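**Student:** Just passing along the structure, written as structure tokens.
Rule-based calculations on the coordinates, nothing more; no lab input. For clarity, every value in this text was computed on a predicted model and none was experimentally measured. As a convention, Cβ positions derive from the backbone with ideal geometry for all residues, glycine included, and neighbour counts pool all protein chains shown.
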């Protein structure tokens with residue numbers, strides 16, 4: 001290399017670098033660093049967002065379940081109120097009907113007494129008419145007699161006042177009625193007061209041995 005070329009190269013190396021070039025280099029360096037750091041920042045933010053999403057979904061599910069429970073409770077409340085209202089209308093005259101049953105009892109006793117007197121035919125006819133009229137009125141309002149005689153004893157409709165040995169009847173058959181029972185539609189007003197059959201001890205033993 002000649003002396004002139006050495007001198008030109010030395011002069012070129014010693015020349016200052018322009019400010020714009022130094023800034024470009026610095027920006028490139030910082031850009032590379034930020035590009036490297038951005039994925040790390042995103043990685044730390046993403047789990048936090050996932051947790052918030054999971055919490056929101058859980059809260060939404062709890063609110064939905066709570067809404068379903070409240071809706072079910074309200075529906076049950078509506079049904080209960082409707083039933084109470086229906087029963088109130090259906091059985092509004094229950095107290096009155098019970099009191100009228102006593103009138104029927106007295107008329108039936110008077111009829112039994114009058115039937116023993118042959119001279120009271122006109123009285124009998126009058127009592128029969130009153131009794132029928134009263135029963136018809138009660139029947140229009142849903143009151144009906146309980147069939148007891150000859151029926152199998154039913155604790156929901158009959159009240160056993162006594163038991164009596166009666167082998168000619170099946171066991172637990174109503175063989176006598178002391179007082180009639182009545183129902184108001186599907187509700188018991190009063191039970192029938194009855195006598196119930198039972199087997200004699202020797203017959204009961206035979207039945208057990210056959211089984």
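**Student:** What's the center-to-center distance, using Cα atoms, between the stretch 110-129 and the stretch 54-69 in Å?
**Tutor:** 77 Å
**Student:** Right, something else. Treating the Cα atoms of the stretch 115-179 as identical point scatterers in vacuum, please give the log10 of the normalised Debye intensity I(q)/I(0) at q = 0.14, 0.21, 0.22, 0.28 Å⁻¹, two decimals.
**Tutor:** Computed log10 I(q)/I(0) values: -0.67, -0.89, -0.91, -1.12.
**Student:** Most exposed first by the Cβ proxy, i.e. fewest other Cβ within 10 Å, how do 129, 161 rank? Display every interim value, and only then the final one.
**Tutor:** Numbers: 129 10, 161 14.
Final ranking by Cβ density, sparse to dense: 129, 161.
**Student:** Over the residues of the stretch 92-141, compute the C-alpha Rg and express it relative to 2.2 N^0.38 Å.
**Tutor:** In units of the 2.2 N^0.38 Å rule of thumb, it is 1.28.
**Student:** Dimensions of the stretch 145-211 along principal axes (Cα, Å, largest first)?
**Tutor:** 43, 22, 15
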